[in-house]
Structure formats: C-alpha cells, structure tokens
Amino acid sequence: MRCVKHKAFLALVPLLVLLSTLTALAQEEPLGFSPTWLRGTVVVIYGTQYGTGFWVNPSHVATAAHVVNNDPQAVVTVVRGSVRASGRVVALDVRSDIAVVYVSNANAFNKHVFPIARTMPPPTSTIYVIGYPHELYQVLGTVEALSENPRVLRSSLTWAANGLIELGGIVDAGNSGGPVLDSMGNVIGVVSFALRGTAGVMYFATSAASLRELCERHGITYTEGVNSFLAPVEDNPAVVAAVTAAATNVVVDVLLVALGAGAGLVLFSRRRRKR
C-alpha cells in the first residue's frame with residue numbers, strides 16, 4: 001500500500017512541472033524591443049534621395065518602391081556606417097509600394113535579418129517602427145552617422161485592412177521603406193505614405209503579406225516570423241530572453257516540488273512507524 005501511494009505521488013510530478021511551465025510562460029512580461037534589431041536597417045540612396053531599407057535575407061534588402069522612383073531596374077547605394085555597397089532592384093511592385101534590392105558585397109555588413117510575420121497582431125498591439133527621418137540627417141550631418149543611429153518609434157497598431165496598416169505615431173520623409181515590427185521582432189509592414197485630413201495626418205505602411213508575395217513571386221528567400229514559444233527561437237533575441245527567464249522559473253519550481261515531495265515522504269514514514 002505504501003509503495004502504491006508513493007508511485008501515485010510521483011506520477012503527479014510531471015503534471016506539476018507542466019503546470020509550472022505554463023504558469024511561468026503566462027506570467028512573463030510581454031516581449032519588447034531588442035537592440036539587435038537596430039542592426040537590421042540600412043540607408044538606401046537613389047540619386048539625390050534616400051529612404052530606409054531592411055534585411056530580409058543575408059543578401060537582400062527591402063524598401064519602399066517610391067524610394068527608387070518606382071524604377072524596376074534602379075541601381076542604388078546601401079549604407080551602414082563606413083560600409084557602402086552597390087545594390088540593384090530585383091523585384092518591385094508599384095501598387096503595394098515595395099521593392100527588393102540585391103546587395104553586392106552584402107557580407108561586409110554586420111546585419112540582423114528580420115523575419116516576416118505570418119499573421120497580423122490585433123489592434124492596440126505594441127509595434128515598433130525603425131528608420132531614418134530626414135530631421136535626424138539634418139542633426140547628424142552625414143549619411144554615415146545617420147545610418148548607424150536609426151530612430152525607433154514605439155507605437156500601437158490602430159488599424160489594418162485592405163493590405164494597409166495605420167501607424168499610431170508620426171513618421172517622416174526618410175522613414176519610407178522602414179520595417180514595422182511586432183513585439184516578437186517580425187516585420188508586419190513597410191512604411192509607405194501619409195494622408196493629411198482636416199483633423200491631422202495619418203501614416204500608413206503596406207502589410208507584410210505584400211512583401212511575402214513579392215519575394216515568393218521572384219524566388220527571394222525569407223524567414224517566416226515566430227508567433228509562438230513553440231516555434232524555433234534561435235534568431236529572435238527577445239524570445240530567447242523570455243524563454244530563458246521562464247525556464248529559470250520552472251527549475252526553481254521543480255526544486256520546490258522535489259523538496260515538498262521529500263518532506264511529504266518523511267512525514268508519511270514517521271506516521272507509519274508510530275502506528
């Protein structure tokens with residue numbers, strides 16, 4: 001009888017560990033901005049104008065089509081700090097305002113490749129817009145300095161429909177082509193245009209679905225975004241940090257369960273001896 005009770009208790013331990021894991025994950029703070037993301041953007045120069053671009057794979061940068069004047073054969077310069085490289089447009093869609101540039105000598109860049117989101121987060125979700133507004137160029141004075149110091153706008157997703165996203169914050173010339181990220185670091189949009197109304201200005205991005213479709217149509221590889229703790233997390237520092245913290249909580253809880261089990265067995269044995 002004693003052995004049966006011990007086995008029954010031990011059988012509950014895996015269940016307790018599972019419940020502890022789920023509780024730890026549920027109690028984690030929402031994922032947020034990772035400094036690693038700052039290495040994912042570059043300045044894209046076309047003629048006398050520039051915009052923001054971001055890495056979708058180790059050799060290709062996405063930007064807005066209007067940054068390259070909607071030219072499907074445009075040759076651009078990609079800049080990050082002291083590193084400059086020539087690039088050429090290999091995919092462009094005027095309707096969605098997206099272009100993808102192949103970058104020669106891409107290995108010279110210390111980069112972060114952004115995954116592209118599978119799904120759109122719900123309204124009011126935290127989003128991040130990274131880019132190079134023209135005002136920062138005026139402050140810093142050179143494209144090289146600007147490219148190493150992208151601005152991060154933390155905002156909320158206010159509206160998404162018909163292939164567009166409204167950004168709950170202000171972006172400006174130079175931000176065009178920059179990534180709009182969810183809290184997992186997935187690209188959910190590409191900064192595109194602004195509309196002025198009687199009450200103010202609304203800022204929009206093209207949804208990531210259009211970027212995925214353009215890449216697939218032209219055979220350009222990309223990484224699918226991580227939307228779950230159950231998916232691979234090696235390339236997403238924010239997820240790695242959250243899972244590591246959750247795992248630490250689980251280890252502590254398992255030790256507490258083991259100590260409780262040991263104490264329970266000691267008490268049970270003492271009671272049996274008294275009888």
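The values are calculated or read from the model by the stated rules, or taken from the named source; none is laboratory data. Here the structure is a predicted model, which is why all the values come from computation and not from measurement. Every residue, glycine among them, receives a Cβ derived from its backbone with ideal geometry; neighbour counts consider all protein chains shown.
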- Task: Determine if segment 130-142 includes at least one residue that is part of a strand (DSSP E or B) and either under 23 Å from the mean Cα position of the chain (by Cα) or closer than 15 Å to Tyr50 by Cα (or both).
- Result: yes
- Query: Of the numbered conditions (1) out of contact with any Ser or Thr (no Cβ under 9 Å at 6 or more places or on another chain); (2) in a helix (DSSP H, G or I); (3) not basic (Lys, Arg), Val67 satisfies every one except a single condition; which is it?
  - Reply: (1)
- Message: Among the residues that make up segment 16-31, is at least one of them in contact with a helix residue (DSSP H, G or I) (Cβ under 7 Å, 6 or more places away or on another chain), modelled with pLDDT of 55 or more and of a type in the set (A, V, I, L, M, F, W, C)?
- Response: yes
- Qualifying residue in segment 164-175 (condition: of a type in the set (D, E, K, R), over 21 Å from Thr36 (Cα atoms), free of Cβ contacts under 8 Å to residues at least 40 places away in the same chain and touching a strand residue (DSSP E or B) at 6+ places or on another chain (Cβ under 8 Å)): yes
- Pick from Val44, Val101, Val113, Val56: which is in the same structural domain as Ser192 (by TED's automatic domain parsing), of a type in the set (Val, Ile, Thr), part of a loop (DSSP other than H, G, I, E, B) and within 21 Å of the chain's Cα centre (by Cα)? Val113
- Name every residue in segment 61-78 that is crowded, with 23+ Cβ neighbours inside 10 Å and touching a residue at least 40 places away in the same chain (Cβ under 8 Å), in order of residue number. Val61, Ala62, Thr63, Ala64, Val67
- Query: Residues in segment 143-157 that are over 18 Å from the mean Cα position of the chain (by Cα) and without any contact (Cβ under 8 Å) to a residue 40 or more places away in the chain: how many?
  - Reply: 2
- Note on the structure: Among the residues of segment 38-52, the number that are surrounded by fewer than 24 Cβ atoms within 10 Å (Cβ to Cβ) and either among the polar types (S, T, N, Q) or modelled with pLDDT under 95 (or both) is 2
- Note on the structure: Checked against (1) closer than 11 Å to Ile98 by Cα; (2) buried (at least 24 other Cβ atoms within 10 Å of the Cβ), Leu214 satisfies every condition except (2)
- Task: Considering only segment 154-207, state which residues are of a type in the set (A, V, I, L, M) and part of a loop (DSSP other than H, G, I, E, B).
- Result: Ile170, Val171, Ala173, Met184, Ala199
- Considering only residues of segment 186-205 that are more than 16 Å from the chain's Cα centre (by Cα) and β-branched (Val, Ile, Thr), which is modelled with the lowest pLDDT? Thr198
- Message: For segment 143-153, which positions are polar (S, T, N, Q) and either within 20 Å of Ser207 (Cβ to Cβ) or not in a helix (DSSP H, G or I) (or both)?
- Response: Asn149
